[in-house]
Ligand SMILES: Cc1cc2nc3c(=O)[nH]c(=O)nc-3n(C[C@H](O)[C@H](O)[C@H](O)COP(=O)(O)OP(=O)(O)OC[C@H]3O[C@@H](n4cnc5c(N)ncnc54)[C@H](O)[C@@H]3O)c2cc1C
């Protein structure tokens, strides 16, 4: 296009005016939101103190501190117009009522661990706000009733700490990483070290309080069993904002045992991993052995290390007996075993730096904060040794890849596929998570994404099929995304069936009933069916 000086000046004026009008409309939206939220929240805490817009010096830190995947805080990524950090349940209600009234899209954040940054950025919304409920984190533990009410902004580490503070023989089965927001984590399932014995975090929820699309606070009885089913595994931010979970505590012995055994390729890692696949989901339910795989350097040679992290509900004598009967090839000895209480095992398995005190759990800090892209698969038949060798070759091509294999079986196999939206149950030997991490910012993204897609392609013959299953808590946009607010059932089924199998249909039905206008939406939210109104 050819531009004269005067037309450039004109263009400049137009641009300047539109910038000014955008800023004005943004400010007035914010003012209207504050006024509306003040009216609709039945508490006297001033709303203005809970809002951060780009003019506040703390906007950037409030936005970025909880974000775990640094890819989504890069300057090129869309930012919210403002961040609302409620201090009371009524504020969350007001956020829904007022956003709806003002036509503002919201993103909901508890712990900020979403793999694709869905809780604080957006691919398809140009204007949105973040409702960050990290301040809402009360935990009320009732040991006598073996239950606890937990506000959704708490981390799982805080929940573990508060349980252990009251009892050494109670626990909650949820994730191993201790900085996960309980709001987002439970909505997708949640597994860690106790799922073989007791199932997922979502399997151990007995009640909840949620703000629905009309701004009402509903408990289990008021929301009904369909919605209560959908929020326990149907993925975050499709049905409402979870305020509280009532969780069931599970019994654990006073002494549990953990161990770590590492084998490299030179020490027979391939054969051992093949054997692990034959026993991992069948061993005693009190035992869980997960495997962490990554390249390592041994005497200046790059090789593959497979690290077996074991967790056992009992003392080391009984553990050694169980291992001897089911997996003697691992070669666990008494000196590999560490006896701890349950909260001690949480610290051991969470990859927090060794020697970290349990009080660290109250700091809500993630030890993992980097640029990454991850994927998940579910394995139903052992991957042959020759195929494992192909995986090693691919891992050795990449800078910093990590693979985590977690066995299922036990209680996981006894819960039916449709009991909750999480369908990866009987017949699953293990979940296969793979990830590549890097530190050189945005410029590394395409290269590393290319590598992980190659591994995904390579794994095709060895993992679940029709559909190729994936874990919704390991969100992966490569599986497909909603185009905008009008994604069809067919389009969303592409990724929806992978996460939920046939439960996707029931999720769509619930969504259509509780949020027909699709107020709670994001790139992988459950779409409602079109509803024709008179
Ligand atoms: C380092 C790391 C370790 C992990 N370890 C495990 C593990 O051991 N086991 C496991 O099962 N998973 C694990 N995960 C995955 C984790 O369970 C998910 O990322 C989970 O969604 C995180 O929840 P969050 O609240 O921290 O994240 P957020 O980013 O805040 O939220 C995730 C999703 O839930 C929605 N959401 C958040 N809060 C609410 C709410 N109150 N109501 C409704 N929707 C909400 C968000 O909008 C978003 O869609 C891990 C993730 C990371 C990054």
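What follows is calculated from the coordinates using simple rules that are stated; it is not laboratory data. Since this is a predicted model, take the numbers as computed values, not measurements. Please note: Cβ atoms are built from the backbone with ideal geometry, for glycine as well, and neighbour counts cover all protein chains shown.
Values computed for the structure shown
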| read-out | value |
| --- | --- |
| In degrees, nearest ten, helix 489-500 long axis to first principal axis of the chain (Cα) | 30 degrees |
| Extended-chain gain in nm, criterion 0.36 nm per residue less alpha-carbon gap, residue 169 and residue 413 | 85.4 nm |
| Cα gyration tensor, region 395-534 - rounded (a/c under 1.5), prolate or oblate | oblate |
| Region 330-373 and region 480-509: distance between their alpha carbon centers, rounded to Å | 36 Å |
| Highest to lowest packing among 317-326, 297-306, scored as the average C-beta count within 10 Å | 317-326, 297-306 |
| Contour excess over end-to-end distance, with Cα ends at residue 387 and residue 144 and 0.36 nm allotted per residue | 82.4 nm |
| Sorted peptide list for 471-478, 109-116, criterion being average Cβ within 10 angstrom, highest first | 109-116, 471-478 |
| Between region 109-150 and region 199-246, the alpha-carbon center distance in angstrom | 13 Å |
| Virtual spin-label span in nm between residue 77 and residue 27, 7 Å along Cα→Cβ | 2.9 nm |
| Antiparallel content of DSSP bridges confined to the chain, in %, to 5 | 90 percent |
| Region 50-103-region 425-465 distance, computed between alpha-carbon centres (Å) | 30 Å |
| Region 40-132: antiparallel DSSP beta bridges as a percent of all, rounded to 5 | 20 percent |
| Crossing angle, helix 269-279 versus the chain [Cα axis fit, 0-90 degrees, rounded to tens] | 90 degrees |
| Efficiency of FRET from Cβ geometry, residue 45 and residue 214, R₀ 22 Å, rounded to 0.05 | 0.45 |
| Residue 357 versus residue 426: modelled label distance in nm, points set 7 Å from Cα along the beta carbon direction | 4.9 nm |
| Relative contact order of the chain, defined on C-alpha pairs under 8 angstrom at six or more residues apart (%) | 14 percent |
| Ranked packing of 336-348, 376-388, most packed first, by mean Cβ within 10 Å | 336-348, 376-388 |
| Inter-probe distance in nm under a simple model that places probes 7 Å from Cα toward Cβ, at residue 468 and residue 334 | 4.9 nm |
| Length added when fully stretched, residue 302-residue 365, from 0.36 nm per residue minus Cα-Cα | 19.5 nm |
| Using alpha-carbon coordinates, inclination of helix 156-166 to the longest axis of the chain, degrees | 60 degrees |
| Cα gyration tensor of the chain - equivalent ellipsoid semi-axes, whole Å, descending | 40, 28, 22 |
